[in-house]
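Right, one structure below, let's go through it.
The values are calculated or read from the model by the stated rules, or taken from the named source; none is laboratory data. Just so we're clear, the structure is a prediction, and the values are computed from it rather than from any experiment. Here the Cβ positions follow ideal geometry from the backbone for every residue, glycine too, while neighbour counts run over all protein chains shown. Please note that ligands, DNA and RNA were not included when accessible areas were found on the heavy atoms of the full protein model with its side chains. Shrake-Rupley method; radii C 1.70, N 1.55, O 1.52, S 1.80 Å.
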Amino acid sequence: MSLPRRAVPSIAVAIVLCSTLLGVGLAARQDPARRVPLRGIYGGVPQEILDSGRSLRDFGVDAVWLGSGSVTAERLALLRAHGVQVYAEFNTLHVAEYLKTHPDAAPVGPDGEVSPPPDGWQGICPTHDAYRAERMQAFRTLLTRFAIDGVWLDYHHAHASWEQATPNMPDTCFCARCLGRFQQAMGITLPAVSTRERAALLLSTHREAWVRWRLGVFTDWVREFDAIRDQVRPGALLGTFHNPWSDEDMNGARLRSLAIDLRAQAAYVDVFSPMPYHARFGHADDPAWVSRQVRWLGQYLGIEGRPGERHRIWPIVQISDWGTPVPLSQVETVLTEGARAPSTGVMVFAWGGLRSSPEKIEAIGRTFRAMGAGQ
């Protein structure tokens, strides 16, 4: 059957448009390199690359994350000489050593007793003023002493062990200090009963208000970190390593249990680095889970991955073995999934676990160089 003459141009245009869009879509999926301006390594100076006689830039790396306690003038100078960006990871609410001299900073469970560290992961009560002041001073000192490119907050969540397939997230903190501040902030008066009975009310009748208040407490820490950054080193980025779950995952535990309000933190954070450790979290055979979580985050925060955008997403993906191993054959796939839009960067977790895996190191280099080709 012949088509009406006047319909041919519009149909031809539609075919061209569809082909163009399809081509763009395929290119976006097949060539994520053009939108991966940052390729990083987390976990220390990658000495193995340097010992091979290659520069970090030649290898394909243009950013390295160091623990804040391991940043030194010598390491910073070495990395600068290789032309890479240097970022520090900063522990906010997981300095367990603090409890040795300040036991009152330990989170309290709904039974009124100190909550044991879930699977050994010791958190700190977020309303302990002296602890918060110590962390803020350490953050200020880090930025004052070292001309780093930014700081990434880490362990910024409630007392929990979530970095595993089956998370352990006890309800906390029901210390007298937290209960008092909750009542003052939310205008709710709790009856003069035991901590256990008060906690029961907060986890039922007042659950919505309790969750909202806790989210605000953790977000206010981020606000203060941002203010210090602006005062001391305004050109530095403020990033955060955070739980990768959506609002629906784990029955909303990111908000209800971990007290991580990403939308509220977006007022202060420049770069979001979700931690979609696919093998560790029960998705060992589904590396595409990584890009699905990143895509959800972009939709949730309104981040598209465009040049010059206010916020960025740079996921940290699992390449080293931690629990369930990541096979060599997955290295390129996992990095590629982490680099898909709206991501504009991807980093390797973690160098310490890769030092004895030269094959994986070489696979990382090949993938990073491909991603950086043409930039």
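If you go through region 336-375 and keep only what is under 19 Å from L38 (Cβ atoms), of a type in the set (K, R) and part of a helix (DSSP H, G or I), you end up with R366, R369. Put simply, of W152, W121, W162 the only residue that is touching an Asp or Glu at 6+ places or on another chain (Cβ under 7 Å) and aromatic (F, W, Y) is W152.
Against the numbered list (1) in contact with a Leu (Cβ under 8 Å, 6 or more places away or on another chain); (2) modelled with pLDDT under 95, L297 comes up short only at (2). Which numbered condition in (1) within 30 Å of H278 (Cβ to Cβ); (2) in a loop (DSSP other than H, G, I, E, B); (3) open to solvent by 20 Å² or more (accessible area, probe 1.4 Å) is the only one that G112 fails? The single condition G112 does not satisfy is (1).
Considering every residue within region 72-85, establish whether at least one is closer than 30 Å to A160 by Cβ and crowded, with 19+ Cβ neighbours inside 10 Å. Break it down stepwise before answering.
Filtering region 72-85 for residues closer than 30 Å to A160 by Cβ gives none.
Scanning region 72-85 turns up no residue that is closer than 30 Å to A160 by Cβ and crowded, with 19+ Cβ neighbours inside 10 Å.
Taken as a whole, the structure places Q164 among residues that are in contact with a helix residue (DSSP H, G or I) (Cβ under 8 Å, 6 or more places away or on another chain) and either within 15 Å of W213 (Cβ to Cβ) or not hydroxyl-bearing (S, T, Y) (or both). Among the residues of region 40-93, the ones that are within 30 Å of G123 (Cα to Cα), of a type in the set (A, V, I, L, M), in contact with a Gly (Cβ under 8 Å, 6 or more places away or on another chain) and not in a loop (DSSP other than H, G, I, E, B) come to 4 in all. Screening T333 with (1) among the polar types (S, T, N, Q); (2) surrounded by fewer than 21 Cβ atoms within 10 Å (Cβ to Cβ); (3) part of a loop (DSSP other than H, G, I, E, B) gives one miss only, at (3). Checked against (1) touching a residue at least 60 places away in the same chain (Cβ under 8 Å); (2) aromatic (F, W, Y); (3) in contact with a Leu (Cβ under 6 Å, 6 or more places away or on another chain), W210 passes all but condition (1). If you go through region 336-374 and keep only what is among the polar types (S, T, N, Q), buried (at least 23 other Cβ atoms within 10 Å of the Cβ) and within 22 Å of S55 (Cα to Cα), you end up with just T367. Among the residues of region 240-256, those identified as more than 14 Å from Y155 (Cβ to Cβ), outside any helix (DSSP H, G or I) and in contact with a helix residue (DSSP H, G or I) (Cβ under 8 Å, 6 or more places away or on another chain) are P244, W245, S246, D247. Checking each residue in region 252-302 for being hydroxyl-bearing (S, T, Y), surrounded by 17 or more Cβ atoms within 10 Å (Cβ to Cβ) and out of contact with any His (no Cβ under 9 Å at 6 or more places or on another chain) picks out Y268, S291. Scanning region 201-214 for residues that are among the charged types (D, E, K, R) and open to solvent by 50 Å² or more (accessible area, probe 1.4 Å) returns E208, R212. So, in region 143-164, of the ones that are out of contact with any strand residue (DSSP E or B) (no Cβ under 8 Å at 6 or more places or on another chain) and assigned to a loop (DSSP other than H, G, I, E, B), which residue ends up surrounded by the fewest Cβ atoms within 10 Å (Cβ to Cβ)? Among those residues, the one meeting the criterion is A147.
A Cβ distance below 6 Å, combined with a sequence gap of six or more or placement on separate chains, defines the contacts here; from region 293-307, residues that are touching a residue at least 12 places away in the same chain (Cβ under 8 Å) reach residues that are open to solvent by less than 100 Å² (accessible area, probe 1.4 Å) and of a type in the set (S, T, N, Q) in the pairs V294/S343; W296/S246; G305/T344.
Pick from V45, V64, V95, V36: which is under 27 Å from R233 (Cβ atoms), aliphatic (A, V, I, L, M), open to solvent by 30 Å² or more (accessible area, probe 1.4 Å) and within 21 Å of the chain's Cα centre (by Cα)?
Values: V45 fails: open to solvent by 30 Å² or more (accessible area, probe 1.4 Å); V64 fails: open to solvent by 30 Å² or more (accessible area, probe 1.4 Å); V36 fails: open to solvent by 30 Å² or more (accessible area, probe 1.4 Å).
The match here is V95.
When R177, R223, R229, R198 are checked against the criterion of being open to solvent by less than 20 Å² (accessible area, probe 1.4 Å) and of a type in the set (D, E, K, R), a single residue qualifies: R229.
Here S356 meets each of (1) touching a Lys or Arg at 6+ places or on another chain (Cβ under 9 Å); (2) free of Cβ contacts under 8 Å to residues at least 12 places away in the same chain with one exception, condition (1). For region 58-67, the criterion of being over 17 Å from V346 (Cβ atoms) and touching a residue at least 60 places away in the same chain (Cβ under 8 Å) is met by no residue.
Exactly one residue out of D230, D261, D286, D226 is within 14 Å of the chain's Cα centre (by Cα), at pLDDT 95 or above and of a type in the set (D, E): that is D261.
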